[in-house]
Structures are given as C-alpha cells and as structure tokens.
Amino acid sequence: MSATDSADLKTTPLTDAHIALGARMVEFAGYTMPVQYPDGVMKEHLWTREHAGLFDVSHMGQARLVGVSPLSAFEEVVPGDYIGLKPGKQKYSVLLNKKGGIVDDLMAGRPTAPDGSVTDGLFVVVNGACKDNDFKVIDDELAGQVTIHRLEDRALMAIQGPEAAAVVQAHVPATADMVFMDIRSMPGFGTDIIISRSGYTGEDGYEISVPAAEAVRVWNLLLSDERVKPIGLGARDSLRLEAGLPLYGHDLDETVSPVEAGLTFAVNKNRREQRDFPGAGRIVKELAEGVARTKVCLRVLEGAPAREGAEVADLKGVVVGVVTSGGYSPVLKGGIALAFVPPELKAVGAQLKVLVRGKAQPAEVVASPFVPHRYVRKG
Amino acid sequence: MRFTKDHEWVALEGDVATIGITAFAAEQLGDVVFVETPEVGKVVKAGDAFAVVESVKAASDVYAPISGEVVEGNTILGDAPETVNADPENGGWFARIKISDPAQYDALMDRPAYEAFLATQ
C-alpha cells in the first residue's frame with residue numbers, strides 16, 4: 001500500500017499520463033505502473049465489462065524474431081503449430097523449459113500489411129516480468145537461426161470491453177473486418193500501428209502497439225471518447241481472473257506443464273505427434289496418462305475470498321491442493337479462484353473446502369471461464 | 001476519538017472502546033468487499049491483528065489499537081461491507097472492546113496529531 005521507491009523503477013511512455021490522471025502507482029515487473037485510477041478497482045472493472053477500458057501494458061516485451069525460417073525455428077521452444085500459422089493471425093503459446101515447465105506464456109503473430117504482404121518474421125509479446133529471461137532463452141536456443149529485435153521504442157496499450165471495437169473502428173475503419181486473434185501492421189491513429197484483436201480480460205477488444213513518441217497522443221485520443229476510461233493493473237487482474245485466464249508467476253511457473261495448467265489447446269496435434277518441443281516426453285505422457293494435479297476454477301460459496309496460497313481440502317478435511325490466484329469477482333459478487341487439485345476432484349460440481357485464516361469454507365468446482373468470453377469470431 | 005499510525009480509530013465510552021478504520025484507510029483500500037470481525041470473548045493485545053478487511057485486490061489486517069476483550073462485532077458488515085467505505089468513522093465500526101488499560105487510550109494520537117501524521121504520509 002505504501003508508495004514505492006520510484007528511483008529504481010522503469011517508466012513507460014505513458015507514466016506521466018497516468019500520474020496526471022491521478023493514478024496510484026505501484027511497482028510491477030520493475031516498472032512504476034498504475035494499479036488504479038481515482039475511480040478504484042471495482043468501478044474500473046465493471047466499466048470494462050460494460051463499456052471500454054484502456055490499459056497501458058507497455059511493460060510487456062515486444063520483439064520481432066527474424067531469420068531464414070523464423071516460424072520453424074520458433075517451434076523449437078514452444079509446443080504450438082507456428083509453421084501452420086496463417087498470415088494475419090497470432091497464436092497464444094508457452095515458452096517451455098527442457099522439463100516441459102512453462103518459462104512464460106506469450107502471443108506470437110504474423111502481422112499483415114494493407115497490401116496483404118506479411119511482415120518479416122514473427123511479432124512476439126511476452127510478460128514484462130519475464131521478458132529479459134525469455135529473450136535470453138530464445139536467443140540461447142535459437143542462436144544462428146533467428147535474430148531478436150526488441151521493440152523497446154514501442155508502447156503497447158489494450159482497449160477492452162463491449163464498446164472497444166466501435167471506439168477503435170471510429171479511428172481506424174480498416175480494423176472493422178478483424179476477428180479474434182487477427183493481427184495487422186497498418187497506418188492508424190496518425191502513426192504506424194501493430195494491432196491485434198485480442199486481450200486478456202475475456203472481452204472483445206484490441207491490443208495496439210505504437211511508437212513510444214506517439215503513445216501519449218494515441219492514449220489521449222482514445223480517452224477522449226466518453227465510452228473509454230483508463231483501467232489499472234488491479235482491475236486487469238480481477239478481469240483476467242473472471243475470464244479464467246492464468247497469470248504467469250502465480251498460476252504458471254517453471255514447474256507447471258501446459259497440460260496441468262489446462263492449456264492443452266496450446267499443444268497442437270501435429271506437434272504432439274512430432275514430439276519435437278522442449279519437455280515433449282513429459283507433456284505427451286501427461287496427455288496420454290493424465291496428470292497428478294490440474295487447474296480448476298473454484299467458486300467460494302461462503303466466507304472470505306480465497307487468495308493465492310490458500311489451501312484446498314476435500315470434504316474430509318485432507319489438504320489436496322492450493323489456490324494459485326484468487327480474489328473477489330465484481331460481476332459474480334463473491335470469491336473466485338484458480339487452484340491446482342488432483343484430477344479426480346476436477347469435475348464441475350465437485351465440492352471442496354478452501355482454508356482461509358484457519359476456516360474451512362465451502363467451495364465448488366465450476367466451468368471455466370467464470371464470466372463468459374465475448375470474443376468476436378468469424379460469423 | 002483517538003487514532004493509530006495504522007489508521008485505526010478508537011472511541012471510548014466508559015470502559016468500552018469502539019474501533020474502526022479511518023476515512024483515509026478506507027479510501028486507500030478502495031471498495032471493501034469482505035470484513036472479518038473478531039469473535040465476542042476474544043482477548044486481544046494492542047498491536048494484534050484482530051480483524052481483516054478485504055478489497056477486490058487484497059486482504060489487509062486490522063490491528064487492535066488497545067488491549068481488552070471483544071464484547072461485540074459489527075454484524076452489519078457481514079451483509080454490507082461497503083459500509084466501511086460509506087461511513088468509515090461511524091457506522092462502519094469493526095468491534096467493541098472492553099479495555100483493560102485506559103492509559104493505552106491516552107497514549108494514542110488525537111485528531112490534530114493524526115492529521116499532522118497523515119500529512120507526512
């Protein structure tokens with residue numbers, strides 16, 4: 001809750017804009033970032049679900065991987081089918097270590113220009129707290145195959161919510177035909193943008209990469225629309241939790257495999273057959289034989305929200321798992337959590353307990369996501 | 001009313017102290033979504049964590065500003081935790097404690113002293 005020692009912290013091109021908006025700044029991933037604006041987490045969360053929220057995510061790592069065959073090279077560090085990735089699409093994946101644990105989760109895409117040409121290489125966005133290590137791992141593994149151009153001169157913002165698309169399309173009409181996971185490189189907002197129809201709130205919206213020098217102008221342009229409000233990291237976290245999306249460093253880490261984390265969709269079928277990604281032995285075995293622990297979504301039926309580290313017990317009181325992230329859902333008005341439990345307890349409707357400050361509170365396994373996704377897919 | 005550096009307030013009537021968190025603390029926390037008040041009969045020492053207040057993003061301990069035995073918890077907060085934000089220094093009280101050492105009350109900050117302290121935060 002206290003002010004952070006800002007002297008050692010990195011800033012984004014939008015830091016001054018956040019302070020001018022009255023944001024409460026905290027340390028996150030080595031940056032000073034807005035955790036909330038004067039409206040507060042609850043209002044910001046609900047505004048994003050009902051209108052459009054604007055997020056500064058410039059702390060995330062943007063890079064372009066270029067080389068003779070960057071798509072096939074990239075497949076050496078992730079389990080996704082990137083050779084088959086169509087121009088103009090991006091794909092979620094996980095960077096894996098040799099034991100099949102998750103080094104980070106990421107987006108990687110092939111932006112297309114208005115003339116249909118594909119941007120050279122692969123455009124990658126990784127978590128801010130992991131980015132230096134991620135690019136080191138990629139560089140170590142793919143040295144000689146790809147060159148990493150970190151795009152540290154670009155800001156990244158996300159606009160999310162049911163009114164986000166209309167706001168963006170009013171400024172950049174050419175984005176109107178984009179669907180979920182499309183990515184383009186084009187003129188927009190009076191500059192050059194890399195824009196994808198994606199985000200991490202479960203809502204429709206866009207993520208927009210702009211030159212750092214243009215960031216404040218684009219930010220203010222978007223905020224000048226009355227449907228748009230700035231949203232801090234506090235609500236970003238509660239929104240992603242309601243969307244059932246994992247957060248690296250909490251729900252995912254170097255010991256967790258994508259199978260345990262409920263991310264098997266990121267392990268493409270052809271890759272499972274080829275078994276040519278890090279930790280393939282473990283991951284293919286887990287797919288065939290099952291896992292010892294698996295991610296579930298829990299609703300806390302009574303009592304305090306269960307937060308990260310809270311133990312999960314069965315009805316006999318035996319501790320069987322742990323909450324990896326949890327909090328209060330402003331939409332459901334109660335406690336929700338992501339937890340790891342043995343697979344025999346993962347069925348929707350399974351009754352469990354969460355231990356919060358010594359009290360065993362009832363909880364139930366529910367389907368993911370907690371709040372329905374509203375991505376715009378091909379109609 | 002007296003105040004602590006942890007942003008609790010204490011109002012004393014006879015030997016019963018009513019305790020809550022200050023308007024500053026409530027504003028810092030943001031929207032309160034859950035409050036755990038101490039059980040009646042619990043004996044607390046000044047400085048003990050004796051209640052918990054939760055916002056969307058975090059759980060925070062509330063410390064007993066004064067020693068004694070809990071005689072009442074504010075049951076309204078179970079159904080209406082938002083009272084802490086709406087009326088922090090009155091209806092949003094957390095608990096009442098029968099105090100054991102009145103000198104502890106006298107040692108706490110009065111309002112001008114607390115406001116001077118806030119100015120340094």
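Name the residue that is farthest from B:Q104 (Cα to Cα), counting only residues in the stretch B:28-50 that are buried (at least 23 other Cβ atoms within 10 Å of the Cβ) and within 11 Å of chain A (Cβ to nearest Cβ).
Here the answer is B:V33.
Given the residues A:P111, A:P79, which is the only one that is more than 14 Å from chain B (Cβ to nearest Cβ) and touching a Gly at 6+ places or on another chain (Cβ under 8 Å)?
From the options A:P111, A:P79, the qualifying one is A:P111.
Just checking, which of B:V70, B:V53, B:V16 is modelled with pLDDT of 95 or more, more than 14 Å from chain A (Cβ to nearest Cβ) and buried (at least 22 other Cβ atoms within 10 Å of the Cβ)?
So the residue among B:V70, B:V53, B:V16 that is modelled with pLDDT of 95 or more, more than 14 Å from chain A (Cβ to nearest Cβ) and buried (at least 22 other Cβ atoms within 10 Å of the Cβ) is B:V70.
Search the stretch A:208-225 for residues that are farther than 12 Å from A:A158 by Cα and pair each with any residue that is assigned to a helix (DSSP H, G or I) and open to solvent by 60 Å² or more (accessible area, probe 1.4 Å) when their beta-carbon atoms are under 8 Å apart and the residues are at least 6 apart or on different chains.
Here the result reads A:V216/A:D16; A:L221/A:H171; A:D225/A:A170, each pair linking the stretch A:208-225 to a residue that is assigned to a helix (DSSP H, G or I) and open to solvent by 60 Å² or more (accessible area, probe 1.4 Å).
Pick out the one residue from A:E311, A:E286 that is acidic (D, E) and under 17 Å from A:G101 (Cβ atoms).
After applying the criteria, what remains is A:E286.
Within the stretch B:73-100, which residues are aliphatic (A, V, I, L, M), more than 17 Å from A:M42 (Cβ to Cβ) and open to solvent by 30 Å² or more (accessible area, probe 1.4 Å)?
Answer for the stretch B:73-100, where residues must be aliphatic (A, V, I, L, M), more than 17 Å from A:M42 (Cβ to Cβ) and open to solvent by 30 Å² or more (accessible area, probe 1.4 Å): just B:I76.
Conditions tested, residue by residue: (1) surrounded by fewer than 21 Cβ atoms within 10 Å (Cβ to Cβ); (2) more than 24 Å from A:M181 (Cα to Cα); (3) out of contact with any strand residue (DSSP E or B) (no Cβ under 9 Å at 6 or more places or on another chain); (4) of a type in the set (D, E, K, R).
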residue	(1), (2), (3), (4)
A:D204	no, no, no, yes
A:E207	no, no, no, yes
A:V218	no, no, no, no
A:N270	yes, no, yes, no
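If only one of B:G91, B:G68, B:G47 is over 10 Å from the mean Cα position of the chain (by Cα), without any contact (Cβ under 8 Å) to a residue 24 or more places away in the chain and on the phi > 0 side of the Ramachandran plot, which one is it?
B:G47
Quick test for you: out of A:G116, A:G67, pick the one residue that is open to solvent by 30 Å² or more (accessible area, probe 1.4 Å) and at pLDDT below 95.
Only one candidate passes the filter, namely A:G116.
For the stretch A:220-249: of the residues being more than 13 Å from chain B (Cβ to nearest Cβ) and within 19 Å of A:M60 (Cβ to Cβ), which is surrounded by the fewest Cβ atoms within 10 Å (Cβ to Cβ)?
Result: A:G249.
Being open to solvent by 20 Å² or more (accessible area, probe 1.4 Å), in a loop (DSSP other than H, G, I, E, B) and in contact with an Asp or Glu (Cβ under 9 Å, 6 or more places away or on another chain) is the filter here; which residues of the stretch A:97-113 pass it?
Answer for the stretch A:97-113, where residues must be open to solvent by 20 Å² or more (accessible area, probe 1.4 Å), in a loop (DSSP other than H, G, I, E, B) and in contact with an Asp or Glu (Cβ under 9 Å, 6 or more places away or on another chain): A:N97, A:K99.
Suppose we filter A:D153, A:D132 for residues that are among the charged types (D, E, K, R), closer than 29 Å to A:V228 by Cα and either at pLDDT 95 or above or open to solvent by 30 Å² or more (accessible area, probe 1.4 Å) (or both); which single one remains?
Result: A:D153 is the single residue among A:D153, A:D132 that is among the charged types (D, E, K, R), closer than 29 Å to A:V228 by Cα and either at pLDDT 95 or above or open to solvent by 30 Å² or more (accessible area, probe 1.4 Å) (or both).
Can you tell me which residues in the stretch A:40-61 are away from every other protein chain (no Cβ under 14 Å), open to solvent by 10 Å² or more (accessible area, probe 1.4 Å) and not in a loop (DSSP other than H, G, I, E, B)?
A:E50
Please find, among A:G317, A:G379, A:G358, A:G349, the residue that is open to solvent by 30 Å² or more (accessible area, probe 1.4 Å), within 30 Å of B:D79 (Cβ to Cβ) and modelled with pLDDT under 95.
A:G358
Tell me whether the stretch A:300-315 contains one or more residues that are closer than 30 Å to A:K43 by Cα, among the aliphatic types (A, V, I, L, M) and in contact with a helix residue (DSSP H, G or I) (Cβ under 8 Å, 6 or more places away or on another chain).
no
Taking the options A:E286, A:E311, name whichever one is surrounded by 20 or more Cβ atoms within 10 Å (Cβ to Cβ) and of a type in the set (D, E).
A:E286
Every residue, every condition in (1) small (G, A, S); (2) within 19 Å of the chain's Cα centre (by Cα), yes or no:
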{"site": "A:L71", "(1), (2)": "no, no"}
{"site": "A:K89", "(1), (2)": "no, yes"}
{"site": "A:V94", "(1), (2)": "no, yes"}
{"site": "A:N97", "(1), (2)": "no, no"}
{"site": "A:G100", "(1), (2)": "yes, no"}
{"site": "A:D105", "(1), (2)": "no, yes"}
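The values are calculated or read from the model by the stated rules, or taken from the named source; none is laboratory data. Owing to the predicted nature of the structure, the values given are computational and were not obtained by experimental measurement. We place every Cβ from the backbone using ideal geometry, glycine too, and count neighbours over all the protein chains shown. Side chains included, ligands, DNA and RNA excluded: accessible areas come from the protein's heavy atoms. Shrake-Rupley method; radii C 1.70, N 1.55, O 1.52, S 1.80 Å.
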